[in-house]
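These notes are about the structure you will find just below.
What follows is calculated from the coordinates using simple rules that are stated; it is not laboratory data. As the structure is a computational prediction, the values presented were derived from the model and not from experiment. Every residue, glycine among them, receives a Cβ derived from its backbone with ideal geometry; neighbour counts consider all protein chains shown.
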Amino acid sequence: MTEPAIRYRLIKKEKHTGARLGEIITPHGTFPTPMFMPVGTLATVKTMAPEELKDMGAGIILSNTYHLWLRPGEDIVEEAGGLHKFMNWDQGILTDSGGFQVWSLSDMRKIEEEGVHFRNHLNGSKMFLSPEKAIQIQNKLGPDIMMSFDECPPFEESHDYVKKSIERTTRWAERGLKAHANPDRQGLFGIVQGAGYKDLRLQSAKDLMSLDFPGYSIGGLSVGETKDEMNNILDVLNPVLPENKPRYLMGVGTADSLIDGVIRGVDMFDCVLPTRIARNGTCMTSKGRLVVKNAQYARDFRPIDEKCGCYTCRNYSRAYVRHLIKSDETFGLRLTSYHNLYFLLDVMKQVRQAIMDDNLLEFRQAFFEEYGFNKE
Ligand code: PRF
Ligand code: ZN
């Protein structure tokens with residue numbers, strides 16, 4: 001029996017919530033949890049150098065099977081020596097399977113038991129992605145953590161459709177496990193789906209758990225439902241997911257949702273939000289969002305967030321960052337991207353400390369008060 005590629009070590013449970021302090025041990029280092037993972041869709045976290053990501057404390061980043069499959073192609077990445085070498089990142093990498101991207105980016109999808117037919121979003125050509133193919137591509141890309149191929153049914157779908165969908169997603173997950181070439185070097189997670197149906201969420205979790213994945217992702221959330229709807233599903237899953245395995249909430253990246261997810265036992269998060277809104281001149285701060293490109297900051301010589309210790313906030317003013325963004329200077333995009341990622345990583349660091357101190361609810365209360373409830 002070989003050692004599994006990914007191990008979760010539970011360090012401490014918070015006294016008054018479902019929060020867990022732990023660490024995940026990967027072939028490319030160990031990172032503390034709960035953790036936020038910056039997104040590097042095309043083998044780059046847009047505008048950030050790997051050294052900068054390390055400086056801000058990112059121990060793992062996310063990339064995408066779908067995008068790298070289309071461009072430059074998994075064979076070129078494999079030839080380069082894998083994604084880590086290709087992009088000069090020697091810490092953790094997780095790749096999404098393409099399941100979600102096929103749904104959100106491509107045209108003319110047709111789903112079958114075998115896989116999904118669709119047209120690629122770059123040139124419109126016909127393509128087909130199956131659970132086996134998604135694993136083969138990820139085996140060539142070489143991330144530390146891979147995702148099963150899944151369907152993400154929207155909250156509006158009927159109970160009948162979603163039940164059939166999760167059963168197929170479980171069959172796909174099982175096919176992926178069989179196709180996986182090197183479980184000793186890459187950990188494959190199963191993805192719990194089931195839209196807003198609690199019984200189906202439980203069924204999905206239990207069926208996937210019988211396949212014994214080294215970790216479980218929670219998909220199909222943050223797709224337009226309310227915060228309460230999301231939290232209710234997390235409340236259902238928290239007590240049933242195995243305690244000795246990591247839980248990853250896919251595509252969630254507002255500070256308030258991160259905190260509420262952690263309280264419900266989530267260990268890992270990712271989202272394009274911090275980097276995407278950064279490039280459009282919006283900053284995440286302890287007082288909620290700050291649209292730094294707005295005219296009101298033209299003569300504001302304070303840092304973006306007066307509480308922030310990041311490179312941007314230590315050295316540059318709102319007025320300067322606004323000027324750069326207004327002038328389409330790439331340095332402006334770098335400064336806001338750095339700040340937003342640092343901000344979320346720092347929130348998670350404070351959350352880990354609060355778990356250690358058993359005062360996460362007090363931390364949440366104070367954070368939400370300063371942040372302003374409906375700002376994100
Ligand atoms: N499935 C996969 N990736 C995802 C999601 C999902 O449901 C989501 C949903 N928020 C984001 N990314 N494979
Ligand atoms: Zn900052």
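Per-residue packing, averaged as other Cβ atoms within 10 Å, sorts the ranges 47-59, 73-85 into the order 47-59, 73-85, beginning with the highest. Listed by chain and number, the aspartates and glutamates whose C-alpha is less than 13 Å from the C-alpha of Lys307, apart from same-chain residues fewer than 8 away, are Asp346, Glu370. Name the residue farthest towards the positive end of the dipole of the chain from the options Tyr297, Leu237, Ser165, assuming +1 on Cβ of Lys and Arg, -1 on Cβ of Asp and Glu, about the Cα centre. Selected residue: Tyr297. Annotation for Phe373 and Glu157: the two label points, set 7 Å from Cα along the Cα-Cβ direction, are 3.3 nm apart. Measuring spread by the Cα atoms of the chain yields a radius of gyration and Dmax of 20.2, 64 Å. Helices in the chain, meaning DSSP H runs of at least 4 residues, each add -39500 (n - 2.57). Divided by all residues, the mean residue ellipticity at 222 nm is -12000 deg cm²/dmol.
Let me check I've understood the local charge: for Pro246, count other residues with C-beta under 11 angstrom from its C-beta, Lys and Arg +1, Asp and Glu -1. What total comes out? Local charge sum for Pro246: +2. Beta bridges from DSSP with both residues in the chain: antiparallel share about 50 percent, rounded to the nearest 5. Extending 7 Å from the Cα toward the beta-carbon at both Arg171 and Gln353 defines two label points whose distance is 5.1 nm. Across region 3-28, the residues whose backbone nitrogen lies under 15 Å from the label position 7 Å along the beta-carbon direction of Leu361 are 14-19. The distance from the alpha carbon centre of region 280-333 to that of region 41-90 is 27 Å, rounded to a whole number. Once the Cβ-Cβ distance of Asn88 and Lys164 is raised to the sixth power relative to R0 = 41 Å, the FRET efficiency obtained is 0.40.
Using DSSP, restrict attention to beta bridges with both residues in region 1-121 and report what percent are antiparallel, rounded to the nearest 5. Once the DSSP bridges in region 1-121 are tallied, antiparallel ones form about 70 percent.
Efficiency by 1/(1 + (r/R0)^6): what FRET value for Lys13 and Asp199, r their Cβ-Cβ distance, R0 = 22 Å, to the nearest 0.05? Spell out each step's value before the answer.
Values: r = 27 Å, r/R0 = 1.22.
The calculated FRET efficiency here is 0.25.
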